[in-house]
Amino acid sequence: MEISAQNISFGYREAEYPLFEKISFRISGPGFYSLFGFSGCGKSTLARIIAGFLEPAAGSLSITGIKNILLSYNTERLPGWFSVGEHLAQVVSPRSSRGELDYFISEFGLSNYVHKKFFRLSMGQKNRANLIRYLVQDFDMLICDEVLANVDEPSRNHILAVIKENFGKDRVLFYISHNVEEVCLFSKKIFVVPASDVTRGRLVEIEGLDATKKHKEDHGNEKTLQTTILKVLKAASSAHKQEGES
Amino acid sequence: MRLFQFLMIFLIGLLILEGVKYGAGFSDYLIPPLNEITTMIFKKWRNFLMPSLNTLLVAIGGHFLAIVLAAIVAFTARSGSVLSNIVKTAAYNLQAYPVVAIAPLVFIFLGDGLTSRLLIATIICYFPLLLNFLGVFSEPVLDVEHFFKQTGRLDSIMEIKIRVFENLEKIVTVITGSATLAMVGTIVAEFLAATMGIGYVIRKALYQNNLAAILSCLLYIGLCSSLFLLGLEWLGKIIKKRLMA
């Protein structure tokens with residue numbers, strides 16, 4: 001399983017400047033990866049390029065050993081004419097099972113809400129329901145673009161731990177978030193997009209704590225976590241240095 | 001409420017007319033007195049109610065046909081193909097044309113029977129429906145469709161289902177609005193050449209300078225239109241309630 005981006009550039013037609021130029025990064029093997037950067041730096045666009053919804057203007061993106069890439073984002077909605085439970089039951093892929101679906105519903109704290117229509121749920125519940133339906137699909141790589149943006153922090157940590165536990169060993173999870181702590185805690189590797197008008201060069205790669213459910217409450221990690229957070233924030237702010245390097 | 005509003009407006013209009021009559025000293029021949037109008041409305045109700053109901057039925061039929069036709073055309077044209085672009089362009093251009101002007105041609109080719117009235121009612125309310133359906137059917141609801149598209153579940157039926165559900169309010173509004181146009185189309189057809197319906201009764205009353213009869217016709221048409229719109233609004237509310245429950 002490998003994704004390798006070499007010098008890819010992209011800009012929207014109506015924009016004055018390209019969003020990013022000649023950026024490179026490499027994802028190798030299954031696991032939980034994160035993309036971190038300040039708003040507007042092109043994280044979602046990069047996710048859409050990886051998922052195949054957008055074509056880079058230049059550069060190459062090679063994907064090996066990954067057939068199904070799914071991209072989920074936080075403003076997605078379920079169809080309104082079904083209850084959440086009916087919809088989820090309908091879209092379970094043959095590879096997943098009803099038991100798996102029930103497990104995620106229970107773990108994500110939605111058991112008491114599946115009889116409701118999607119638009120009757122709170123924002124956080126909507127995020128969770130949307131993520132569940134992706135987890136019961138056939139995928140080799142799941143890109144989660146701020147999918148838990150409206151979920152409270154303890155639930156978010158639990159959900160991420162559950163996802164890692166179930167998919168971290170044989171699938172690629174690519175998580176985009178503004179929450180530096182969860183990114184540092186759960187990721188195997190964090191790709192940091194430096195703040196700049198135009199992102200250039202190789203994305204900064206920082207080793208994460210790659211925590212699991214057990215490690216999550218391990219206070220021994222606290223210092224390492226703080227150090228990683230500082231590294232990520234520094235990398236995200238170091239625009240000039242990054243541009244100079246490229 | 002709609003019915004009450006109409007009755008209030010009609011009553012106010014009638015009182016203004018009577019005020020003008022007595023204020024300007026117009027003769028009973030020009031503007032009949034209130035008692036003559038009320039007699040016409042209440043004692044000869046059968047002469048107006050039956051043709052009004054006949055007009056209403058034709059309008060409902062024409063409206064239904066227009067909805068079905070617009071839905072089929074919009075469904076076919078939503079794909080973005082060359083044919084769909086031609087249909088869209090034609091629809092946008094044709095809606096600017098006063099289609100009522102072609103009504104005489106319809107009577108020439110199809111005679112003064114039910115078919116002509118039905119067709120004209122359909123033509124008149126068809127274009128607003130088509131434009132609305134075209135907009136709704138061809139505008140993706142990305143936040144809902146994204147998942148289905150990625151997982152290979154977005155077939156034409158699912159696509160339309162999502163788009164219709166997401167735009168239900170807009171669709172109900174345009175269907176209700178176009179119902180009035182269907183009534184207008186039917187009455188215009190009856191004015192022109194038909195031998196049935198309330199438009200035909202108005203035409204006869206016009207030739208006889210019978211203002212009391214014309215006012216009675218207006219009252220009954222208004223009542224029927226209000227009932228038609230009330231029915232559609234009620235239907236829209238039931239559908240929305242069921243889907244949102």
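The values are calculated or read from the model by the stated rules, or taken from the named source; none is laboratory data. The structure displayed is predicted, hence computed values, not measured ones. Here the Cβ is made from the backbone with ideal geometry for all residues, glycine too, and neighbour counts use every protein chain on show. Ligands, DNA and RNA are stripped out before the accessible areas are found, and what is left, the full protein with its side chains, is counted by its heavy atoms. Shrake-Rupley method; radii C 1.70, N 1.55, O 1.52, S 1.80 Å.
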Highest GNM mean-square fluctuation among A:K67, A:K169, A:K223, for chain A with Cα springs under 10 Å, belongs to A:K223
Taking amide H positions as placed 1.01 Å from N in the peptide plane, with prolines and chain starts having none, which residues 5 or more places from A:L71, or on another chain, fall under 5 Å of its amide H?
A:I143
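Express as a percent, rounded to the nearest 5, the fraction of DSSP beta bridges in chain A (both residues included) that run antiparallel.
Details: 17 of 40 bridges.
The antiparallel proportion sits near 45 percent.
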Enumerate the aspartates and glutamates that A:K67 could reach by cross-link, defined here as Cα to Cα under 20 Å, with residues fewer than 8 away along the same chain left out.
A:E2, A:E55, A:D138, A:D140, A:D145, A:D170
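Indicate, rounded to the nearest 5 percent, the antiparallel portion of the DSSP beta bridges found entirely in the protein assembly as shown. Write out the running numbers ahead of the final one.
On the way: 17 of 40 bridges.
Percentage antiparallel, nearest 5: 45.
Would you please give the FRET efficiency between A:S39 and A:R13, computed as 1/(1 + (r/R0)^6) with r the Cβ-Cβ distance and R0 = 30 Å, to the nearest 0.05? Intermediate results must be reported in sequence, preceding the final value.
On the way: r = 21 Å, r/R0 = 0.71.
Approximately 0.90, to the nearest 0.05.
Helix-only estimate, please: 222 nm mean residue ellipticity of the protein assembly as shown, summing -39500 (n - 2.57) across DSSP H runs of length 4 or more and dividing by its residues, to the nearest 500. List each step's numbers first, then the result.
Numbers: 20 runs with 290 residues, N = 491.
Counting only the DSSP helices, I get -19000 deg cm²/dmol.
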Return the FRET efficiency for the residue pair A:S24, B:S79: r is the Cβ-Cβ distance, R0 is 30 Å, and the value is rounded to the nearest 0.05.
0.20
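Write down Rg/Rh for region A:119-204, rounded to two decimals, with Rg from the C-alpha atoms and Rh from the Kirkwood relation over Cα pairs.
Working: Rg = 14.1 Å, Rh = 14.2 Å.
Here the Rg-to-Rh quotient is 0.99.
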Would you work out the Kirkwood radius for region A:75-138? I mean one over the mean of 1/r across all pairs of different Cα atoms, in Å.
11.4 Å
Please enumerate, by chain and number, the lysines with C-alpha under 27 Å from the C-alpha of B:K44, excluding those fewer than 8 residues away in the same chain.
B:K21, B:K204
Under 20 Å from A:K189, Cα to Cα: lysines that are on another chain or at least 8 residues apart
A:K43, A:K164, A:K169, A:K213, A:K214, A:K216, A:K223, A:K231, A:K234
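What is the magnitude of the charge dipole of region B:32-244 about its Cα centre, with +1 placed on the Cβ of each Lys and Arg, -1 on the Cβ of each Asp and Glu, and no other charges, expressed in debye to the nearest 20? If you can, show how the numbers build up before the last one.
Details: 17 positive and 11 negative charges, 79 e Å.
Rounded to the nearest 20 debye, it is 380 debye.
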Give me the log10 of I(q) over I(0) for chain B at q = 0.09 Å⁻¹, as the Debye formula computes it from C-alpha points; what are the numbers?
-0.50
Using the Karplus equation 6.51 cos²θ - 1.76 cosθ + 1.60 (θ = phi - 60°), what ³J(HN,Hα) coupling, rounded to whole Hz, does each residue of region A:146-152 give in order, writing x for Gly and Pro?
6, 5, 10, 4, 9, 8, 5
Ranking A:E76, B:E233 from most to least accessible area with a 1.4 Å probe gives B:E233, A:E76
Given the protein assembly as shown, what whole percent of its Cα pairs are spread farther than 27 Å?
68 percent
Cα-based radius of gyration of chain A once divided by 2.2 N^0.38 Å, which approximates compact folds
1.02
Angle between chain A longest axis and helix A:222-237 axis [Cα atoms, degrees, rounded to 10]
60 degrees
Using the Karplus curve 6.51 cos²θ - 1.76 cosθ + 1.60 with θ = phi - 60°, what ³J(HN,Hα) values do you get for each residue of region A:13-22, in whole Hz, with x for Gly and Pro?
3, 6, 7, 6, 10, x, 6, 8, 10, 6
Roughly how tilted is helix B:114-138, in degrees to the nearest 10 and between 0 and 90, from the longest Cα axis of chain B?
40 degrees
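Pop the C-beta distance of A:M123 and A:R98 into the FRET formula with R0 = 30 Å and round what comes out to the nearest 0.05. Walk me through the numbers on the way to the answer.
Values: r = 27 Å, r/R0 = 0.90.
With a Förster radius of 30 Å, E is 0.65.
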Explain nothing, just compute: Karplus ³J(HN,Hα) = 6.51 cos²θ - 1.76 cosθ + 1.60, θ = phi - 60°, for every residue of region B:158-163 in order, whole Hz, x for Gly and Pro.
5, 4, 5, 4, 5, 5
Taking max minus min of the Cα coordinates of region B:68-184 on each principal axis, largest first, gives extents in Å of 55, 30, 22
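Give me the Kirkwood hydrodynamic radius of region B:124-219 in Å, from all C-alpha pairs, to one decimal place? Show your work: numbers first, answer last.
Values: mean 1/r = 0.0610 Å⁻¹.
When all Cα pairs of region B:124-219 are included, the Kirkwood radius is 16.4 Å.
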What would the Debye formula give as log10 I(q)/I(0) at q = 0.11, 0.13, 0.16 Å⁻¹ for the alpha-carbon point model of region B:37-108, no solvent?
-0.51, -0.64, -0.80
For chain B, the longest principal axis of the Cα atoms and the Cα long axis of helix B:168-192 enclose an angle in degrees, to the nearest 10, of 40 degrees
Distance in nm between B:K44 and A:N166 label points, each 7 Å along Cα→Cβ, equals 7.7 nm
